[in-house]
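The values are calculated or read from the model by the stated rules, or taken from the named source; none is laboratory data. If you're wondering where the values come from, they're calculated on a predicted model, not measured in any experiment. Here Cβ is always computed from backbone atoms with ideal geometry, including for glycine, and neighbour counts include all displayed protein chains.
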């Protein structure tokens with residue numbers, strides 16, 4: 001799976017599952033401040049990523065991710 005496919009899948013579940021406005025999905029967007037992702041949303045993301053990409057996100061690793069770009073990079077590193 002290449003980077004653009006990862007970004008498409010991540011963006012799709014952010015829009016469909018978390019109801020985030022697609023126009024806000026820019027790589028530099030801050031997950032909490034710009035996208036409004038809260039701790040309950042992070043739980044949903046863990047479940048969705050496991051289903052879509054087939055790996056578990058560690059809570060401490062997820063806490064390190066601040067921007068959407070960092071989240072894409074994280075998923076790409078686990079899928080590669």
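Scanning the range 60-77 for residues that are surrounded by 11 or more Cβ atoms within 10 Å (Cβ to Cβ) and at pLDDT below 95 returns 61, 62.
Taking helices (runs of 4 or more DSSP H) as the structural unit, those lying wholly within the range 10-80 and holding at least 1 residues that are touching a residue at least 40 places away in the same chain (Cβ under 8 Å) correspond to 39-53, 68-79.
When the range 18-48 is limited to residues that are surrounded by 14 or more Cβ atoms within 10 Å (Cβ to Cβ), modelled with pLDDT of 95 or more and touching a helix residue (DSSP H, G or I) at 6+ places or on another chain (Cβ under 7 Å), the one that is farthest from residue 68 (Cα to Cα) turns out to be 48.
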